[in-house]
Amino acid sequence: MIQKNGRPLVVEMIRADVREAARRDAKRRIRPRVYDPDAIPPDAFIIHQASTWMEMERERQTPRMLFGEFWLEGELCILFADTNMGKSLLAVQLGDSITRGKAITPFKMDAEPSPVLYIDFELTGKQFEQRYTDGSITHTFHENFYRGEFDQMTGLPQDFKTFDEFITHALSRAIKRTDARVLIIDNITCLRNGTERSSQALSLMKQLKLLKTRHGLSILVLAHTPKRNPSLPITRNDLQGSKMLINFADSAFAMAESQTLPGYRYFKQVKQRSTAEMYGSHNVCLGRLERQNGFLQFVFSHTDNEVKHLRRYSQIERQRRAADVLALHKQDLSQRQIAGRLEMSLSAVNRVLGGGGGIKWFGILQQRYSR
């Protein structure tokens with residue numbers, strides 16, 4: 001039999017059956033799933049009475065120090081500073097110290113010697129060798145100090161959806177190969193892109209915490225600060241990128257240049273969970289770089305109040321800097337361009353331009369640090 005549309009009835013019946021099957025299939029796909037709480041895998045959460053937790057943890061060993069109160073065993077720690085402050089030098093010094101089980105004076109280290117994996121995104125192998133060679137003297141590292149360098153020729157294998165996923169897998173393999181108990185990453189901006197976004201930062205910290213838990217690691221991650229005003233104390237807000245980075249870290253400390261003692265850096269705790277604050281703003285630790293038997297390292301001397309090592313502007317300099325900012329502003333330079341030209345922080349330029357011709361803001365600084 002032929003229908004009015006010219007197609008045989010059997011064809012129309014088949015088409016109707018196909019449409020009905022497609023409708024039922026679509027309905028099944030959009031049907032909301034009802035989750036049964038009792039069906040959640042029992043290992044999704046580990047639940048005990050609070051008193052039971054207290055009893056279990058009382059029997060566990062208290063985290064031991066790797067670098068005094070700055071960094072403890074089992075922590076994911078962030079060290080941040082401006083460029084050319086010596087972050088990498090301190091990181092290598094810490095790795096050398098931990099592999100030998102020898103503390104960096106005057107900081108305590110009661111942890112056992114451990115293999116260290118240092119992932120270097122900054123230097124080439126030759127640059128690393130030159131840094132720790134002085135004439136005919138070359139520093140000899142411990143056999144348990146491993147340095148990893150990213151192979152720039154490596155592409156994304158087909159088994160991985162993203163490059164981040166591949167890097168995390170590669171780190172896990174490297175940890176297993178070296179039996180490392182300490183992982184140092186230099187630096188975080190090379191490990192991931194987009195740490196300024198909260199979602200990217202959260203993903204990054206989750207991956208690092210997963211590595212820490214899976215392999216029983218202590219992790220130190222190096223990070224930068226954007227250009228900052230050296231007349232202000234360094235804080236956790238100076239860490240470049242999203243605050244999510246430091247929120248998920250167990251501890252963090254910063255390094256800044258002393259503005260009153262040439263060649264010195266000061267070190268300051270900005271976050272700690274497992275220990276008391278020892279090196280806060282009123283007791284920062286001072287140190288300077290020295291080369292000893294081919295090894296470039298920090299030698300720490302004393303502690304001091306941070307405010308004594310901040311930049312202080314004279315009245316003439318305050319007025320000159322304010323005038324320079326205003327002059328460049330009149331040339332239609334953006335605030336970012338002005339900050340780069342005058343080597344000031346962007347927020348400092350913003351405050352100058354919003355502070356009554358610049359003098360008001362510098363007056364506030366003078367009052368704050370002349371006490």
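The values are calculated or read from the model by the stated rules, or taken from the named source; none is laboratory data. All figures in this text were calculated on a predicted structure; none of them were measured in a lab. Because the Cβ atoms are built from the backbone with ideal geometry, glycine has one as well, and the counts that use them run over all protein chains shown. Heads up: the accessible areas ignore ligands, DNA and RNA and are worked out on the full protein's heavy atoms, side chains in. Shrake-Rupley method; radii C 1.70, N 1.55, O 1.52, S 1.80 Å.
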Original post:
Does residue 335 satisfy the condition of being in contact (Cβ under 8 Å) with a residue 12 or more places away in the chain, within 24 Å of the chain's Cα centre (by Cα) and farther than 18 Å from residue 86 by Cβ?
Top reply: no
Original post:
Scanning region 222-249 for residues that are among the charged types (D, E, K, R) and modelled with pLDDT of 85 or more, which turns out surrounded by the most Cβ atoms within 10 Å (Cβ to Cβ)?
Top reply: 238
**OP:** Check residue 53 against each of (1) surrounded by fewer than 15 Cβ atoms within 10 Å (Cβ to Cβ); (2) in a loop (DSSP other than H, G, I, E, B) and name the one condition it does not meet.
**Re:** (2)
**OP:** Output the residue which, of all residues in region 82-103 that are closer than 20 Å to residue 257 by Cβ and either in a loop (DSSP other than H, G, I, E, B) or touching a Gly at 6+ places or on another chain (Cβ under 6 Å) (or both), is most open to solvent (accessible area, probe 1.4 Å).
**Re:** 84
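Tell me which residues, restricted to region 135-168, are polar (S, T, N, Q), within 22 Å of residue 293 (Cα to Cα) and free of Cβ contacts under 8 Å to residues at least 40 places away in the same chain. Break it down into steps so the answer makes sense when it comes.
Taking region 135-168 first, the residues polar (S, T, N, Q) are 136, 138, 140, 144, 152, 154, 158, 162, 168.
From the residues that got through so far, the ones that are within 22 Å of residue 293 (Cα to Cα) too are 136, 138, 140, 144.
Correct list: 136, 140.
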**OP:** State all residues of region 108-134 that are assigned to a loop (DSSP other than H, G, I, E, B), open to solvent by 30 Å² or more (accessible area, probe 1.4 Å) and in contact (Cβ under 8 Å) with a residue 60 or more places away in the chain; if no residue qualifies, say none.
**Re:** 121, 122
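For region 336-362, enumerate the residues that are modelled with pLDDT under 50, open to solvent by 20 Å² or more (accessible area, probe 1.4 Å) and in a helix (DSSP H, G or I). If you could, list the steps in order and put the result at the bottom.
Initially, region 336-362 is screened for residues modelled with pLDDT under 50, giving 356-362.
Filter once more, so that each one left must be open to solvent by 20 Å² or more (accessible area, probe 1.4 Å): 356-357, 359-360.
Within region 336-362, 359, 360 qualify.
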**OP:** Kindly provide the set of residues from region 136-189 that are of a type in the set (A, V, I, L, M, F, W, C), under 11 Å from residue 116 (Cβ atoms) and open to solvent by 20 Å² or more (accessible area, probe 1.4 Å), ordered by number.
**Re:** 141, 145
Original post:
In region 253-282, which residues are open to solvent by less than 50 Å² (accessible area, probe 1.4 Å), outside any strand (DSSP E or B) and polar (S, T, N, Q)?
Top reply: 258, 275, 281
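Residue by residue through region 288-326, note down the ones that are among the aliphatic types (A, V, I, L, M), part of a strand (DSSP E or B) and exposed (fewer than 15 other Cβ atoms within 10 Å of the Cβ).
Kept after step one, since they are among the aliphatic types (A, V, I, L, M), are these residues of region 288-326: 289, 296, 299, 307, 310, 316, 322-323, 325-326.
Add one more test, that the residue is part of a strand (DSSP E or B), and what stays is 289, 296, 299.
Answer for region 288-326, where residues must be among the aliphatic types (A, V, I, L, M), part of a strand (DSSP E or B) and exposed (fewer than 15 other Cβ atoms within 10 Å of the Cβ): just 299.
Which count do you get for residues in region 212-221 that are in a loop (DSSP other than H, G, I, E, B) and surrounded by 19 or more Cβ atoms within 10 Å (Cβ to Cβ)? Talk me through it step by step, then tell me what you get.
Here is the first cut: in region 212-221, the ones in a loop (DSSP other than H, G, I, E, B) are 216-217.
Filter once more, so that each one left must be surrounded by 19 or more Cβ atoms within 10 Å (Cβ to Cβ): 217.
Within region 212-221, residues that are in a loop (DSSP other than H, G, I, E, B) and surrounded by 19 or more Cβ atoms within 10 Å (Cβ to Cβ) number 1.
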Original post:
Only one of (1) in a loop (DSSP other than H, G, I, E, B); (2) at pLDDT 80 or above; (3) within 25 Å of residue 240 (Cα to Cα) is not met by residue 332, so which one is it?
Top reply: (3)
